[in-house]
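The values are calculated or read from the model by the stated rules, or taken from the named source; none is laboratory data. Because the structure is a prediction, the values reported are computed rather than measured. Here the Cβ positions follow ideal geometry from the backbone for every residue, glycine too, while neighbour counts run over all protein chains shown. Surface accessibility is based on the protein's heavy atoms, side chains included, excluding ligands, DNA and RNA. Shrake-Rupley method; radii C 1.70, N 1.55, O 1.52, S 1.80 Å.
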Amino acid sequence: MHICTHLSGFLHFIIRRLLQVVSPGVTAAMLRSYSLDVSAPLLRTQGYVDGRWVSAASVFPVLDPATGQEIARVADCGAAEAKQAVDAAYKAFQSWKRSTAKERSILLRKWFDLLTLHKEDLARLITFESGKPLKESLAEVTYSASFLEWFSEEARRVYGDIVPSPLRDRRIFLLKQPVGVASIITPWNFPSAMITRKVGAALAAGCTVVVKPAEDTPLSALALAELAEQAGIPAGVFNVVPCSREETPAVGQVLCTDPLVAKISFTGSTATGKVLLKMAADTVKKVSMELGGHAPFIVFDSADVDRAVSGAMASKFRNSGQTCVCSNRFLVQSGIYDRFVEKLGRAMDAELRMGHGSDPQTTQGPLINQRAADKVEQQVSDAVSRGASVLRGGKRLHGSFMEPTLLVDVSTDMLCTKEETFGPLVPVLRFSTEEEALAIANASNVGLAGYVYSQDVSQIWRVSERLEVGIVGVNEGLLSTPEASFGGVKESGLGSEGSRYGINEYLELKYMCLGNLEP
């Protein structure tokens, strides 16, 4: 037994040394063992249904994407647990919808306060299960909590209307009422904020929810459930059903087809969104979806190049390029192309550091898994085979680490300009005219975000209005805030999240006619 242990340790040492020789970009920090240190109440591994922590017949592992090490085993809920959660949410809805707006507001505010109080522990959970740097994870917790704060306030501003009647003996009232049980299906790249952005609006409106977190990142969702319970949110109002990739189809089937579910909110790929839309059709559920993006980042000759480079760094390399609004295609006008590329390359050298997210020096963590790294590697290889040149990075490193990569001489026939990357790849295309830039930018079946850098006010208005996207950043690379709407056009989704409009996704409009009044 001891001999095997020593051999295992020796082999592990040799493998680590070989990796350092084969991949010089791999640092010792990437190969070190890291320990998740989170207070016990927040590290939950069971499902949360009807105010109770529930086990399942089996468990599935949650891995640290930076090291591949198992950090927890979580209950692998299936169709039975999903149905229990839906039933519990439906039962709780009967009383939750009758609670006052002020009561819901107070509970959401308590939940917000608890997220703020425990932000360090919540951030560590995000870093270990998603790989993002701790600084970004802390920012996500703040962002996540901000939606609970925002919708705690919006809960008291769900106003109906009194409409002037054409008849003297009638009065016309338009009421807003909660739709019912909402299925919330969220991705791994913002495992906390994507939940609160949806759930905050739903609970504020008077709906109850069943959350299915991504299989890679269930721990953040379960920690939110623990804090929801501490905040006093009633049993059945907020339910979490974690599951493995293998159980996801069965759980998704329940959440998207059960007649007791009135609403589906999904953030994820366009392909998956289309499947869920078909599943929702049979019972005509209300649906909102935030799907894939392919954001153009357009830099005109009139732009402040330094600001454009700063915006590109912020937009592209946040979460190692794994955000829905990440810039994907960089379109730079001929007059400043060379200057932009040179300055961007220098900024990448100076500002980007790869490593484990818990290392304070790290700005670039791993991609979520090896499939994600494979996709970036394939796009780089395809671009180079079609004539692009690699100015920075380009190499696949240990596990799912991928070097931040800068490509030039990029053309529109390359994969990286045709499909979303979701990784730290900057493909730079040269254009000559405004019309050419718009044609390239709009030649996509999706339209979530777009970015414009220019000092010409007329051009800013023209291009912003003509870009076929739902969100435009003008001389700014970071856009998201709870006060603003978030949603796309074309195949990037349906509906909006955040802002005063986000709560409407969980409300129905009822017309009440009061007749036969004394004239």
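Key figures
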| quantity | calculated |
| --- | --- |
| Per-region count, the range 403-417, residues touching a residue at least 60 places away in the same chain (Cβ under 8 Å) and of a type in the set (S, T, Y) | 1 |
| E81 vs. criteria among the acidic types (D, E), open to solvent by 70 Å² or more (accessible area, probe 1.4 Å) and under 26 Å from the mean Cα position of the chain (by Cα) | no |
| Condition met for T186 (in contact with a helix residue (DSSP H, G or I) (Cβ under 7 Å, 6 or more places away or on another chain), of a type in the set (S, T, N, Q), modelled with pLDDT of 95 or more and surrounded by fewer than 24 Cβ atoms within 10 Å (Cβ to Cβ)) | no |
| For V463: the one exception among (1) assigned by the TED database to the domain that holds Y337; (2) part of a strand (DSSP E or B); (3) in contact (Cβ under 8 Å) with a residue 24 or more places away in the chain | (2) |
| Selection count where residues are open to solvent by less than 40 Å² (accessible area, probe 1.4 Å) and either free of Cβ contacts under 8 Å to residues at least 24 places away in the same chain or outside any loop (DSSP other than H, G, I, E, B) (or both), scope the range 355-402 | 10 |
| Scope the range 492-508; condition closer than 21 Å to F190 by Cα and charged (D, E, K, R); matching residues | E497, E505 |
| Residues (assigned to a strand (DSSP E or B) and open to solvent by less than 60 Å² (accessible area, probe 1.4 Å)) located in the range 496-512 | E497, L507 |
| Failed criterion for E419 (all others in (1) open to solvent by 30 Å² or more (accessible area, probe 1.4 Å); (2) within 15 Å of F317 (Cα to Cα); (3) not basic (K, R) hold) | (2) |
| Residues located in the range 203-212, provided they are within 13 Å of W111 (Cβ to Cβ) and of a type in the set (G, A, S) | A204 |
| The one condition in (1) in the same structural domain as L260 (by the TED database); (2) touching a residue at least 40 places away in the same chain (Cβ under 8 Å); (3) open to solvent by 30 Å² or more (accessible area, probe 1.4 Å) that L108 fails to fulfil | (3) |
| Test for V86: is it under 19 Å from G236 (Cα atoms), assigned by the TED database to the domain that holds S220 and touching a Leu at 6+ places or on another chain (Cβ under 6 Å) | yes |
| Matching residues, the range 146-159, being in contact (Cβ under 8 Å) with a residue 24 or more places away in the chain and within 13 Å of L509 (Cα to Cα) | V158 |
| Filtered residues of the range 318-336 (kept if assigned to a helix (DSSP H, G or I) and either outside the structural domain of G357 (by the TED database) or open to solvent by 10 Å² or more (accessible area, probe 1.4 Å) (or both)) | R318, S334, G335 |
| So A204, is it over 27 Å from I368 (Cβ atoms), buried (at least 21 other Cβ atoms within 10 Å of the Cβ) and touching a residue at least 12 places away in the same chain (Cβ under 8 Å) | yes |
| Residue that is farthest from L114 (Cα to Cα), among those in the range 144-159 that are open to solvent by 10 Å² or more (accessible area, probe 1.4 Å) and not basic (K, R) | Y159 |
| Residues that are among the small types (G, A, S), open to solvent by 20 Å² or more (accessible area, probe 1.4 Å) and within 22 Å of K490 (Cα to Cα), drawn from the range 426-443 | A439, A443 |
| Check on V284, at positive phi and out of contact with any Leu (no Cβ under 8 Å at 6 or more places or on another chain) | yes |
